[in-house]
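Note sheet for the following structure.
The values are calculated or read from the model by the stated rules, or taken from the named source; none is laboratory data. Since we're looking at a predicted model, the values are computed, not measured. Note that each Cβ is placed from the backbone with ideal geometry, even for glycine, and that neighbours are counted across all protein chains shown. Heads up: the accessible areas ignore ligands, DNA and RNA and are worked out on the full protein's heavy atoms, side chains in. Shrake-Rupley method; radii C 1.70, N 1.55, O 1.52, S 1.80 Å.
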Amino acid sequence: MAGAYHEGTPAVPGGKRPQFGSRFLSDPARVFHHNAWDNVEWSEEQAAAAEKKVRENSTQRVCQEKQVDYEINAHKYWNDFYKIHENGFFKDRHWLFTEFPELAPSQNQNHSADLHTENKRSEVPGCRRSEDGPDLIIDQHKCSSNSLGHKTQTLPVEENVTQKLGHLEICADEFPGSSATYRILEVGCGVGNTVFPILQTNNDPGLFVYCCDFSSEAIELVQTNSAYDPSRCFAFVHDLCNEDKSYPLPSNSLDVIILIFVLSAIVPDKMQKALNRLSRLLKPGGMMLLRDYGRYDMAQLRFKKGQCLSENFYVRGDGTRVYFFTQDELDTLFTTAGLEKVQNLVDRRLQVNRGKQLTMYRVWIQCKYRKPLPSSTGS
């Protein structure tokens, strides 16, 4: 990446962590002085070595029979994952409000000011059929969540509501959160490491958060969490790729949709239709936020021969799958879904294990795409 590199992190008012891209390594001898360095420029030799490694680990593909199994039983592999790890694998994403200020409390009102005044947030026109409609949220943080306490009872009523709403016409006053003035949906919510920081940080009384996951085990962990408040949140099981199952809310009803390490977990051929369905749920001016794996990330380079399903798409040892994107691929997916680019950046980071003197090169992509406002031309 072009530009001068400087070492250290500039001060930020209020002590808030700066957005990624603020700590640059200028002296390689000081690499172990911090846990991570931003926007690390790769040498030609390093880039060539990464390309070579991917070519090598892609030569032997998983047999077709196993590929079918990984697709048909994808829900089983993710349920098994959450049965084993429960809420002890992930760390709450408090960086969310730095990278995605759209989720912060003060942004709710700012966002509404940008929309046409006739687009009242709480209004969802008429009575319409809801839009048709797993989860890879691994941040490589294997820490327990501070907010993941558990209730002693489950919420079976909500599951019934989800099932009923899934195939019915949804009216403005008949879906969860219909009276809210700012609605957020996280797809692939896992055990709530994004949802709960939002609920705990954003005290806007008009906020309502929806969250869904492919795994019923994950949703049960969310619903039994002590921080889960049905008056502000609605968690439901949903397959992002299932074209026959509707989301339990109408089109043009959401202000923000969050996709964090989830799109990469589905078959590439199904990504476009999944995003098309999600795009229809956004209000005009609404935003889709994504953070996911980039091409030649350390995780891609670590795969062995025999784990490649198709080009840049792999299966882990536990049966869960992952794709590694380029910026252009994501731009095509979002713009084809009718969205306009606000941000599409590569977060090329060097993570450091100072105890073991290890360096790990991570590549993530962060995107923001907006649903266009209605044209003001004509009368």
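For the criterion of being surrounded by 23 or more Cβ atoms within 10 Å (Cβ to Cβ), at pLDDT 90 or above, within 19 Å of the chain's Cα centre (by Cα) and under 30 Å from residue 375 (Cβ atoms), residue 258 passes. In a residue-by-residue description of the range 191-211, the property of being touching a Gly at 6+ places or on another chain (Cβ under 8 Å), buried (at least 22 other Cβ atoms within 10 Å of the Cβ) and modelled with pLDDT under 95 applies to no position. Out of the residues in the range 81-108 that are in contact with an Asp or Glu (Cβ under 7 Å, 6 or more places away or on another chain) and at pLDDT 70 or above, which is surrounded by the fewest Cβ atoms within 10 Å (Cβ to Cβ)? In this case the residue turns out to be 83. Among the residues of the range 294-310, is any within 18 Å of the chain's Cα centre (by Cα), of a type in the set (A, V, I, L, M, F, W, C), open to solvent by less than 40 Å² (accessible area, probe 1.4 Å) and modelled with pLDDT of 95 or more? Checking the range 294-310: not a single residue is within 18 Å of the chain's Cα centre (by Cα), of a type in the set (A, V, I, L, M, F, W, C), open to solvent by less than 40 Å² (accessible area, probe 1.4 Å) and modelled with pLDDT of 95 or more. When every residue of the range 277-293 is checked against the conditions, none turns out to be within 19 Å of the chain's Cα centre (by Cα), open to solvent by 10 Å² or more (accessible area, probe 1.4 Å) and among the aromatic types (Phe, Trp, Tyr). Per this entry, residue 357 is counted among residues that are modelled with pLDDT under 95, on the phi > 0 side of the Ramachandran plot and over 20 Å from the mean Cα position of the chain (by Cα).
Scanning the range 341-348 finds one or more residues that are farther than 23 Å from residue 177 by Cα, surrounded by fewer than 16 Cβ atoms within 10 Å (Cβ to Cβ), of a type in the set (Lys, Arg) and at pLDDT 95 or above.
Please find, within the range 178-190, the residue that is modelled with the lowest pLDDT out of those that are of a type in the set (Gly, Ala, Ser) and crowded, with 23+ Cβ neighbours inside 10 Å. The residue in question is 190. Candidates 65, 51, 71: the one that is at pLDDT 85 or above and either outside any helix (DSSP H, G or I) or under 27 Å from residue 346 (Cβ atoms) (or both) is 51.
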